[in-house]
Amino acid sequence: MSADYEWRNSARCAGTDTDLFYPPRDRYLYTPIANRAKKFCYGDNGKSPCPVRKNCLWDAVSREEPHGIWGGLSHRERNALVRVWRRRFKTTMTLQEFIMTIEDK
């Protein structure tokens, strides 16, 4: 693993079956499976958020990853986040800075 991806070793989902993070497009199955994946990112039942959630999110955004749950967001949610940055913050901070400053849920 390259040094750029060392953060992956600290991910809460490390060692988890990656299928969970790629929910099927079936409208009845997508949301419950995506929500299970997001619990790794945002924490659940008293667990804190993943310590590298923002690194994961930045990785997906910077690569324009078209699939899966990365850093707790789906492709559509990531696109919406980029649109917010463009409208409100593009002149004051980089996209990476914006992602690293967003609040955990």
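The values are calculated or read from the model by the stated rules, or taken from the named source; none is laboratory data. Because the structure is a prediction, the values reported are computed rather than measured. Don't worry about glycine lacking a Cβ; one is built from the backbone with ideal geometry, like all the others, and counts go over all protein chains shown. Accessible surface areas use protein heavy atoms only, side chains included; no ligands, DNA or RNA. Shrake-Rupley method; radii C 1.70, N 1.55, O 1.52, S 1.80 Å.
Here are some notes:
- Note: relative contact order over segment 13-105, using C-alpha pairs below 8 Å and six or more positions apart, is 24 percent.
- Dipole check for the chain: with +1 at the C-beta of Lys and Arg, -1 at the C-beta of Asp and Glu, and the Cα centre as origin, the magnitude is about 480 Debye.
- Working note: 222 nm ellipticity from helices only, DSSP H runs with n ≥ 4, each -39,500 (n - 2.57), summed and divided by the residues of the chain, gives -11000 deg cm²/dmol to the nearest 500.
- Dipole of the chain, positive direction: furthest Cα of LEU57, THR92, ASN45, with charges on the beta-carbon: THR92
- Only protein heavy atoms count here; under a 1.4 Å probe, ILE33 has an accessible surface of about 40 Å².
- Of the chymotrypsin sites (Phe, Trp or Tyr not before Pro) in segment 25-105, those whose Cβ has at most 13 other Cβ within 10 Å and which sit in DSSP loop: TYR28
- In order along segment 39-53, phi translates into HN-Hα couplings of 5, 5, 7, 9, x, 6, 6, x, 7, 6, x, 4, x, 10, 4 Hz, rounded to whole numbers, per the Karplus curve 6.51 cos²θ - 1.76 cosθ + 1.60 with θ = phi - 60° and x for Gly and Pro.
- Between the beta carbons of ASP44 and ASP104, assuming R0 = 22 Å, the FRET efficiency works out to 0.95 to the nearest 0.05.
- Fully extended contour minus Cα-Cα distance, from TYR5 to ASP26, at 0.36 nm per residue: 4.4 nm
- Choice from ARG87, ARG36, ARG12 with maximal GNM fluctuation in the chain (Cα, 10 Å cutoff): ARG87
- Of all accessible heavy-atom area on the chain, the percent that carbon and sulfur account for (1.4 Å): 50
- Note on segment 35-80: Rg/Rh from Cα positions, Kirkwood definition for Rh, rounded to two decimals, is 0.98.
- Each label was represented as a point 7 Å from its Cα along the Cα-to-Cβ direction; for ARG63 and ARG76 these points are 2.3 nm apart.
- Extension gain for ARG87 to ALA14 (0.36 nm times residue separation, less C-alpha to C-alpha distance): 22.9 nm.
- Calculated on the Cα set of the chain, radius of gyration then Dmax: 13.9, 40 Å.
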